[in-house]
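Below: the structure, in structure tokens.
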Amino acid sequence: MAPRSFLTLHDIDVDQWPAVFDRTAILRVQRHDKTLAGKTIALVMEKASTRTRVSFEVAAYELGGNSTHLSASGTQIGRGEPAEDTARVLSEYCHAIVLRTFGQDRVETFQRWATIPVVNGLTDLHHPCQVATDLFTVRERFDQIDGLRYAWIGDGNNMANSWIEAAGMFGLDLVLACPAGYDPDATILATARGEQARAGRGSIEVVRDPRDAVRGAHVVNTDVWASMGQEEEAAKRRVAFAGYCIDDKLMGLADQASIVLHCLPAHRGEEITGDVLDGPRSLAWRQAGNRLHVAKAILEYVLPS
């Protein structure tokens, strides 16, 4: 039997997500358990990390297990060891691998060659652990994830792609405001729209004007304009994304009960103002804290007792 892995949101069936979120809520209150006793999680961080690394390290510890951190520079990965070889070796030592890397093909290679579960901690195409956390945070506030209007403001990046995937799975109403040339992945968008059409619920729109996305929204979400690996494009992107900053004026168009999410780190004054990020509508810090408890629930899912 192939091990359970978690490379995209679809790797957990839509009917199973409520139980994952219920378990997350329990783990937020009941911080410690022994469900990972005797198990070690390999944290392969090929991209710099704060929240992913720390949340999974603490998650393993609080569930009675252990973790070991591997960076590219400090291991044979940095000297060119093939992904398939690393995956097979780690399968001999550990019980699961959390990989934060660049191309989606790399995490798929790890999954193909590992004999233990692989969790996608982030790729350039998907960020499922973060969007799972965002959905849980929304459910905490509104006691539901459907029946709400979602707005994404900014780059059509991995976060936008995973939000589109979530909209397709759960039938959400999502509007993404992206500048021309920075749209989300077309294949992911088409797949999600197809899911919604078959289910007869939800909608996904891509617009150019952030006001069209935020108007009436219950959840307003954003990310930095230049992700890791795009630093040399930062100046160009600041020009392209002018007018896409979430500020008080833009939030004035949202629903009165709206919340603001940001996966962090944030560049105050670029994609979001400090007043909004630190203001009463922002759940960014609760969202960041929830990364830990979602990580625990995901580890339990891929490593059932």
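Among 95-105, 249-259, 290-300, 180-190, sorting by the average number of other beta carbon atoms lying within 10 angstrom of each residue, highest first, gives 290-300, 95-105, 249-259, 180-190.
Count the lysine pairs in the chain whose Cα atoms sit under 23 Å apart, keeping only pairs 8 or more residues apart in sequence or on different chains.
On the way: Lys34/Lys296; Lys39/Lys296; Lys47/Lys236; Lys47/Lys296.
Number of lysine pairs found: 4.
When the convex hull of its Cα atoms is viewed from all sides, region 42-125 shows a mean projected area of 5.0 nm². Within region 130-210, all pairs of alpha-carbon atoms sorted by distance into 5 Å bins from zero give the percentages 3, 17, 27, 26, 18, 7, 1, 0. Against the chain, whose longest principal axis is taken from its Cα atoms, helix 17-29 shows a tilt of about 80°.
Distance between the C-alpha centres of region 81-108 and region 265-292: 32 Å, rounded to the whole angstrom. State the answer as a single residue: which of Val276, Gln287, Ser305 lies farthest towards the positive end of the charge dipole of the chain, with beta carbon charges of +1 for Lys and Arg and -1 for Asp and Glu, about the Cα centre. Going by the charge dipole, the pick is Ser305. The C-alpha atoms of the chain define a longest principal axis, and helix 104-113 lies at about 20 degrees to it. Coupling constants for region 70-86 follow from the phi torsions by the Karplus curve (6.51 cos²θ - 1.76 cosθ + 1.60, θ = phi - 60°), and in residue order they are 10, 9, 4, 6, x, 9, 5, 4, x, 9, x, 4, x, 4, 5, 6, 4 Hz; glycine and proline get x.
For q values of 0.09, 0.12, 0.16 Å⁻¹, compute log₁₀ I(q)/I(0) with the Debye formula on a Cα-only model of region 130-287, without solvent. So the normalised log intensities work out to -0.25, -0.45, -0.83. Summing charges over all other residues whose Cβ lies under 12 Å from the Cβ of Leu135, with Lys and Arg as +1 and Asp and Glu as -1, gives -2. Along each principal axis, taking the top coordinate minus the bottom one, the Cα set of the chain gives 53, 41, 39 Å in descending order.
FYI, it's all coordinate maths here, none of it is from the lab. Quantities reported herein were computed from a predicted structural model and do not represent experimental measurements. Note that each Cβ is placed from the backbone with ideal geometry, even for glycine, and that neighbours are counted across all protein chains shown.
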